[in-house]
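Scroll down for the structure; my scribbles are underneath it.
Each value in this text was obtained by applying a stated rule to the coordinates, not by laboratory testing. Everything numeric in this text was worked out from a predicted model, so none of it was measured. Note that we place each Cβ from the backbone using ideal geometry, even for glycine, and neighbour counts take in every protein chain shown.
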Amino acid sequence: MRMGQLAAVTGTSVRVLMADPLATVLHAGCLGGMLFMGCLPTISNTEHSRILRDQCLSFLFLIVCLFLAFGAVRTVTDDLRRGAGDILASRPLPNWVLLTGKLMALLAVGGLIFFSGAAAYLCVSEFAFDAEVLDATGVRLMTVLPLAGLILAGLRSWLLRRPFSVAAGLLMNGGIVLCFGIRLASGVRDHFDWSALPALALLALGACAFAACALLAATLFDSFLALGACLAVFFLGLVADESLKHLVTSPELRAVLLAPLPDWRLFWALDDIGEGLSASARLLPALSQAVLMSLLSLSLASLVLDRRDIHGAL
C-alpha cells in the first residue's frame, strides 16, 4: 500500500514539474549555454580542456540547483499554500511518504535536466577538442537536434492541444542524446572528455543533497523565504569548509561539524582531474554525505508537517 501511495505522489509531482514552463526554459538554457561556452574562443591553449570542463560543469550544477529550488517551491510550498497539504493529511498518507514522493519527483525531473546537460557537455568536449578549430558538424548537430525537439513539441501542442512543456523536455533530451550517439558513432572517441564522468557522478550526488535541503526549506517557509533559504544553503556549501578551517583547528571535530552541513567542495573533483588525480576516492564520502543530508532533511520536514497537523487539529 505504501509503495502504491509513494508511486502516486511521485507520478503526480513529476507531471506538475514537467508541465512547468520554467523547467523547459532552464532545460533549453542549459543546452544553449553549453553550446555557447563550447563556441567561445579559448583563453589558454594549454589549459583549454580544463577551462572548458570547469565552466560547463559549474554551469550545469548551477542550472540544476536553480531548478531544484524552484521545483521544491512548486511542489511543496504551493501545495501547502493552496491547502492541498491539509487535504492529503486527512487521508491515510504518512507525511514521510508524501515528502519522499516529492523528493523523488524532484530528483527525477532534475535528473533529466542533469542527464541532458551531461550529454551536452560530452558533445561540446568532442567538437571543441581542438583549441584552434571547432568541428562545425558537431556544432550544427547540437544546435539542430534539440531545436527540432522544441519545434516538434510546439507542433504537437498546436495540432493535438497537448501540453507543450512535457513533450519539449522529453524531446530535447532525446535530441541531445541522439546528437551524442551520432558523434560517438562517427567521431573520434578519444576526443570525448571521458575523464569528466566521475566528476559528473559526484555533482549528481551534490544535486541530490541540495534537493533534500530545498525540500526542507520549502516545507518550513513560504515561497520567497524558501528561495532565499535555498540560496543561503547554496552559498553556505561553497564556504563551509574554508570557514570551519579558520574556526576549528581539530580535523576530527571539523569533520563531525561538516557532516550535516552542505559542502560542495566534497562533490567537486574537477581540480583533482585537472591535476591528473583519481576522483574515485571522493565517491564514498560524497555518497555518505548525500544520504545523510537527505535522511536528515526528510526527517526534519516530516516533523514540521506533523507539528502543523497537530496545531491544525487543535
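By the beta-carbon count within 10 Å of each Cβ, the least crowded to most crowded order of 225, 99, 266, fewest first, is 225, 266, 99. Converting phi to 3J(HN,Hα) with the Karplus coefficients 6.51, -1.76 and 1.60 and the offset θ = phi - 60°, segment 235-240 yields 6, 4, x, 7, 10, 4 Hz in sequence order, with x at every glycine or proline. When the chain is described by a simple charge dipole with +1 on each Lys and Arg Cβ and -1 on each Asp and Glu Cβ, the residue from 41, 11, 196 located farthest towards its positive end is 11.
Under 10 Å, Cα contacts only: if you run a Gaussian network model on the chain, which one of 117, 71, 101 comes out with the highest mean-square fluctuation? Its mean-square fluctuation being the largest, the pick is 101. For residue 152 and residue 221, a Förster radius of 30 Å and the Cβ-Cβ distance give a FRET efficiency of 0.15, rounded to the nearest 0.05.
Considering only alpha-carbon pairs that sit under 8 angstrom and 6 or more positions apart, the relative contact order computed for segment 87-224 is 30 percent. Mean sequence separation of contacting Cα pairs (under 8 Å, at least six apart), scaled by the length of the chain, corresponds to a relative contact order of 23 percent. Taking a ≥ b ≥ c as the square roots of the eigenvalues of the Cα gyration tensor, the chain is classed as oblate, since a/c reaches at least 1.5 and a/b does not exceed b/c.
Taking Cα atoms only, the orientation of helix 95-127 departs from the longest principal axis of the chain by about 10 degrees.
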